[in-house]
1. Suppose we filter segment 159-196 for residues that are of a type outside the set (Ser, Thr, Tyr) and either surrounded by fewer than 21 Cβ atoms within 10 Å (Cβ to Cβ) or over 30 Å from LEU323 (Cβ atoms) (or both); how many remain?
2. Checking the conditions here, which among PRO63, PRO42 is more than 30 Å from TYR319 (Cα to Cα) and in contact with a helix residue (DSSP H, G or I) (Cβ under 8 Å, 6 or more places away or on another chain)?
3. Return a yes/no flag: does segment 259-280 have any residue that is part of a loop (DSSP other than H, G, I, E, B) and under 14 Å from the mean Cα position of the chain (by Cα).
4. For ASP172, state whether it is touching a residue at least 40 places away in the same chain (Cβ under 8 Å) and farther than 22 Å from VAL128 by Cα.
5. Looking at the structure I just gave you, is ALA256 closer than 16 Å to VAL58 by Cα and small (Gly, Ala, Ser)?
6. From the list LEU291, LEU308, LEU301, LEU297, which one is touching a residue at least 40 places away in the same chain (Cβ under 8 Å) and under 21 Å from GLN189 (Cα atoms)?
7. Quick test of your reading of the structure: PRO214 fulfils all but one of (1) in a helix (DSSP H, G or I); (2) under 22 Å from THR245 (Cβ atoms); (3) of a type outside the set (Gly, Ala, Ser); (4) free of Cβ contacts under 8 Å to residues at least 24 places away in the same chain. Name the failing condition by number.
8. Looking only at segment 146-159, which residues are under 18 Å from the mean Cα position of the chain (by Cα) and of a type in the set (D, E, K, R)?
Amino acid sequence: MKKLTPGKTRGLQRCITKNGAVSILALDHRNNLRKSLNPGHPELVKFEDMVNFKSELVSALAPSASAVLLDPEAGAAQCISTGTLPPETGLLVAVDATGYLGPKHNRESVLLRGWSPEKAKKIGADAVKLLVYYHPEADNSQAIETLVAQTAEECAAQDILFVLEPLSYSPDPALPKLGSREKLKVVLQTAERLCAEGVDILKAEFPLDPTESPNESEWCEACASLSEASPVPWVLLSAGVSFETYLSQVSAACRAGASGIAAGRAVWSEAASLQGSKRRDFVTIVARRRLEKLTSLCEALARPVRELLVPVYPEEGWYTDYL
C-alpha cells in the first residue's frame, strides 16, 4: 500500500465516489476534439468553440461523475470561473501538450509550455494528469522515464495527486501497431516501470486489442495481470471505442481489480457532430445516461482506491517541517 500526504489525501477524497471508486469524465482533448468539431478544417475551430463545447458537457455530465479531467488551454479555468464545474466535483488538470514530437515509432512526449503542477495547484486542481507515449524498448524510453520522475517530484512538492496516462505504440517502423499479446506485455511492463515511485493513480489503456482478442474471459485475465503489475490503483480510459465495447471492458476491468474509469469519447463523441438543441438533447439524455451507467458499474464492482492508497496520520507538530 502507498501512503498519501494530507494534501494528496484531500485531493483523492474529492475525486472518488462514496464507495471509493473513481469515475472521471475526460474532457482534456484538444487536437482530436478540433478534428471532431470540424473534420474538414480543424484549424478553423475557434477557442470559443472549444470552451463552449466543454462547458456544455461539464454542466450536463459532471454531476454524474466523481471528477472531471480538463486541460488549461480551453476548459479548466473557464469551467471554474463560470461555476460550470460543481464545487463538490473533483478536478484533474492536464500538464501535457497535445500530440507528440518525432516519428511515430519514437514518440516524444512534452509538457505544455507555460504550465506546471504548481499552477494547477494554484487554480484549485485536485490532481495533475500527464500523458506520455511509451514503449520500454523505444530509443527514448529513458527520456520518458525521466519526464515522469520529474513530474512526480513536482507534484510531491506541491502535494497534489499525480495521475499518469501512458499510451503504448510500436517502436518498429515496419509495424504500424502492436499485436494484442505484445500490447499486453508492454502495458504490464509500463505499469511496473513508470508507477514504481511517485505516481498515485494509473490511467491505463485496455491491455489487449479487443478486435484481436474478443474473448471476455481473456480480457479478465489480462486486466487481473495489470492489477498485479501496477503498484497503484488503475482506471480504464476509453480510447475512442464505442460505448457498448467500453462498457464491457469496464465490467471486465473492475471485476479484475481496476478502481474505476476515465471516460471520454465513449460517452460523448457523437455530440461533437451535433449542434444546438440536438447536441443539448444528446448530452443531457444519451451521454448522461451512459455516464450514470458507468459510474454505477464502478460503484458496484471497482476496487476501492483506499485498499491501495492509505493516508499518513500526522503526528504532533507535523506542520513545522511539512514538505
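1. Step one: of segment 159-196, the residues of a type outside the set (Ser, Thr, Tyr) are 159-167, 171-179, 181-189, 191-196.
Filter once more, keeping what is either surrounded by fewer than 21 Cβ atoms within 10 Å (Cβ to Cβ) or over 30 Å from LEU323 (Cβ atoms) (or both): 159, 167, 171-179, 181-189, 192-193, 196.
Final tally of qualifying residues: 23.
2. Values: PRO63 fails: in contact with a helix residue (DSSP H, G or I) (Cβ under 8 Å, 6 or more places away or on another chain).
Only one candidate passes the filter, namely PRO42.
3. Yes, because at least one residue in segment 259-280 is part of a loop (DSSP other than H, G, I, E, B) and under 14 Å from the mean Cα position of the chain (by Cα).
4. On the way: touching a residue at least 40 places away in the same chain (Cβ under 8 Å): yes; farther than 22 Å from VAL128 by Cα: yes.
When the stated conditions are applied, ASP172 passes them.
5. Working: closer than 16 Å to VAL58 by Cα: no; small (Gly, Ala, Ser): yes.
Criteria not met by ALA256.
6. LEU308
7. (1)
8. Within segment 146-159, none qualify.
The values are calculated or read from the model by the stated rules, or taken from the named source; none is laboratory data. Because the structure is a prediction, the values reported are computed rather than measured. In this analysis, Cβ positions are derived from the backbone assuming ideal geometry, glycine residues included, and neighbour counts consider all displayed protein chains.
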